[in-house]
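The block underneath contains the structure these notes are about, expressed in structure tokens.
The values are calculated or read from the model by the stated rules, or taken from the named source; none is laboratory data. Please read these numbers as outputs of a predicted model, since none were measured by experiment. All Cβ positions, glycine included, derive from the backbone under ideal geometry; neighbour counts span all protein chains shown. Just the protein is used for accessible areas: all its heavy atoms, side chains included, with ligands, DNA and RNA removed. Shrake-Rupley method; radii C 1.70, N 1.55, O 1.52, S 1.80 Å.
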Amino acid sequence: PQLGALGIGTVAFQFVLGLFSVFIFATTTLVAEEENDSGRDVAGAPPTGDKSAIYKGTTLAVAVGLVLQLAIANLSPMAMHAISSDPTVASLADDYVRSRACAAVPALVMMVGVGAGRGYKDMWTPLAGSLAYGVSLAVFDALFVWELHMGLRGAGYAAAISQWVGAATVMWSLSKNGNLRLADFASAKAVPTAESVSTYVRMAGPLALSSTAALAPVLFSSSIATRLGPDQLAAHTVLRQISLFWIQLFMGFNATAHSLVASSLGKRTAQGVLEASRIMERIAYVAVATSIPLAAGLYASRALLPLAFTDSPVVVDDVAGVLPLLLVLIPLDALSLG
């Protein structure tokens, strides 16, 4: 039940955050345009002139994040019981989601920082944030879940604290690279203008729809899995976590494409459009080529992978039996995400 509840809570939380992916993509676009307007290579020296996209984006992210945090904390009980037909699983999932709700603000701030890094063609900043988040999560999970025996509520707190660490690391990295000054958050640069807000609003609808199309089926299938019993729900959670492994890998191609294409289109020339098209084509080829040996390796280890999550024979057998069906789709994941 705990493993299944963790799966439902995580999917629900990611579904809500996915609706605000505009903070990544709009920030990348705005930063890339600022950099091209400055007339210098975005991979070169620190920015010159009045660069304000990061500051305005961060202010918006904090404001939206605070509202989102309150909404998640208050609507979680109703939502979890609507998703899960098992009262025990729903209650456990609610414990996790509500304790993780305070991650909403740093999650959106981190999106802005990641988007800015992509706009500057700085892939080290998102990497630093992800590593800081992952290491912190391992440490705080061990503390809250294993040492303090706080269960799923502790796992939620661990994820929330780690999200703050990740966001702080991203902002520190941008500051260290000279791409922002923390003191400027207290200046007029950080006050959103009608133009900057309109950019986020204009892009929010299509991106939220795209995210919903990608995550709603996962949320629906998780809800269906709760009706099959705790073992099947646990197997579903393990399969989803394994699939997230290769999805995150291909998101690396996605981030690269996003950064380079935004930079090319930011030139606002016919040559820039052609350059962006060629970049997309090359990255798609590389992503699909990478997916084939990856699928073969995961297939060969299909009986061992579930053991990283559980020692339940029923869950292990279910995962090993279903995983090959998902592996067939890896090239399509690579193509769509790359």
Residues satisfying the stated conditions in region 96-116, i.e. over 30 Å from Gly178 (Cα atoms) and either open to solvent by less than 40 Å² (accessible area, probe 1.4 Å) or without any contact (Cβ under 8 Å) to a residue 24 or more places away in the chain (or both): Tyr96, Val97, Ser99, Arg100, Ala101
Residue selected from region 1-59 under the condition polar (S, T, N, Q) and modelled with pLDDT under 85, by the criterion nearest to Ala208 (Cα to Cα): Asn36
The condition from (1) modelled with pLDDT of 90 or more; (2) not in a helix (DSSP H, G or I) that Pro192 misses is numbered (1)
Does region 260-287 hold any residues that are open to solvent by less than 30 Å² (accessible area, probe 1.4 Å) and without any contact (Cβ under 8 Å) to a residue 12 or more places away in the chain, and which are they? Gly272
Subset of region 190-213 (residues that are of a type outside the set (A, V, I, L, M) and farther than 17 Å from Ala26 by Cα): Thr212
Residues (open to solvent by 10 Å² or more (accessible area, probe 1.4 Å) and within 16 Å of Gln69 (Cα to Cα)) located in region 154-171: Tyr157, Ile161, Gln163, Trp164
Residues of region 309-335 satisfying the condition of being out of contact with any helix residue (DSSP H, G or I) (no Cβ under 8 Å at 6 or more places or on another chain) and either within 14 Å of Arg240 (Cβ to Cβ) or surrounded by 13 or more Cβ atoms within 10 Å (Cβ to Cβ) (or both): Asp317, Leu325, Leu329
Condition met for Ala257 (surrounded by fewer than 18 Cβ atoms within 10 Å (Cβ to Cβ), of a type outside the set (S, T, N, Q) and in a helix (DSSP H, G or I)): no
Top-ranked residue in region 62-89 [being open to solvent by 90 Å² or more (accessible area, probe 1.4 Å) and within 22 Å of the chain's Cα centre (by Cα); ranked as nearest to Pro217 (Cα to Cα)]: Leu75
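Here's the yes/no breakdown for (1) of a type in the set (A, V, I, L, M, F, W, C); (2) at pLDDT 85 or above; (3) under 30 Å from Ala225 (Cα atoms):
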residue	(1), (2), (3)
Thr256	no, no, no
Ala308	yes, yes, yes
Leu329	yes, yes, yes
Leu337	yes, no, yes
Kindly establish whether Val238 is in a helix (DSSP H, G or I), under 25 Å from Leu332 (Cβ atoms) and open to solvent by 40 Å² or more (accessible area, probe 1.4 Å). no
Hey, Phe220 hits all of (1) of a type outside the set (Val, Ile, Thr); (2) surrounded by fewer than 19 Cβ atoms within 10 Å (Cβ to Cβ); (3) in contact (Cβ under 8 Å) with a residue 12 or more places away in the chain but one; which does it fall short on? (3)
